[in-house]
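What follows is one structure encoded as structure tokens, with my remarks underneath.
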């Protein structure tokens, strides 16, 4: 079973209805899908690969050897102190985060210019995709964007996480990134097209998110689940590591403003009430996203349902 691959360019032609249905299926039945022909040029994507790989080699590869993760793994191997199974408190991942207002790496010289251009294009793609979600859900155009931005304007949080997962001498002991759902809105991932490792959970089975050259992997976060009143579920996913290959991963997050109030769209609540589908076990509360993030920081790798309950108790 393969994660759906959708040709985004066909939204503008005779196959629009079919493509809309494919995206709806990706959101409702999977929580993960891949977009090809998404409007971001191959030339830009090739530059992104180049500068991110160069950046890791120049600035991060040596320092990772002295990271906490490496130290813990070395200690376990020397003392044979692990009694089997994956470590529950360690990720084998090197990360930097790019925001509009934080300091970016200076080397390689192309890095800042290329990543600024890339982030701008990704943000536009996220907003186009949210309009498709609006239409598929029967919501007014711009509803999801407005909810994430806490009204009109550009208040949403847009961050980009540049990750590398170096070769691991003990891949049986650690994940690149432990299983979790994403806290925010729409996540757009440009994953390595040669070194795999990303997996999603579907129907109780872990599936590989197969590398597709120059595709953008889309997954929906917890806040889209709430806004859609459960129609679009956030999906559990993880990253495995191997003893060979250095996996590159560039994830961009279109998340709500910390001040944004998040709750199910009134139209979707009304639909459930009319259909007599109200179920307390799938009830989504109203909360401020910043309060949710306080809870998420403590419970990221635990089941998501208690997070929704905990954020109400915390407010």
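Summary table
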{"quantity": "Euclidean distance of C-alpha centroids, the range 196-234 and the range 152-170, integer Å", "calculated": "16 Å"}
{"quantity": "Exposure proxy ranking, count of Cβ atoms within 10 Å, fewest first, for 224, 187, 6", "calculated": "6, 187, 224"}
{"quantity": "Calculated FRET efficiency for the pair residue 155/residue 68, C-beta based, R₀ 22 Å, to 0.05", "calculated": "0.05"}
{"quantity": "Virtual paramagnetic centre 7 Å along Cα→Cβ of residue 29, amide N under 20 Å, in the range 167-202", "calculated": "200-202"}
{"quantity": "For the range 187-229: rounded, prolate or oblate by the Cα gyration tensor [a/c cutoff 1.5]", "calculated": "oblate"}
{"quantity": "Mean Cβ count within 10 Å, highest first, over the residues of peptides 299-307, 101-109", "calculated": "299-307, 101-109"}
{"quantity": "Residue exposure sequence - 261, 68 - by fewest surrounding Cβ within 10 Å", "calculated": "68, 261"}
{"quantity": "Helical mean residue ellipticity (222 nm; -39500 (n - 2.57) per DSSP H run of 4+; nearest 500) of the chain", "calculated": "-10500 deg cm²/dmol"}
{"quantity": "Contour excess over end-to-end distance, with Cα ends at residue 206 and residue 54 and 0.36 nm allotted per residue", "calculated": "51.6 nm"}
{"quantity": "Residues listed by number, the range 155-181, amide nitrogen under 16 Å from residue 76 label point at 7 Å toward C-beta", "calculated": "166-179"}
{"quantity": "Percent antiparallel among DSSP beta bridges (both partners in the range 5-260, rounded to 5)", "calculated": "90 percent"}
{"quantity": "Gain upon complete extension [residue 294, residue 61; 0.36 nm per residue less C-alpha separation]", "calculated": "80.7 nm"}
{"quantity": "Taking 3, 95 and counting other C-beta atoms within 10 Å, the order from fewest to most", "calculated": "95, 3"}
{"quantity": "Segment residue 271-residue 44, length gained on full extension (0.36 nm per residue, minus Cα span)", "calculated": "77.4 nm"}
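All of the numbers you see were taken from the coordinates with simple rules; none came from a lab. Keep in mind that this is a model prediction, so the values were computed, not measured. Every residue, glycine among them, receives a Cβ derived from its backbone with ideal geometry; neighbour counts consider all protein chains shown.
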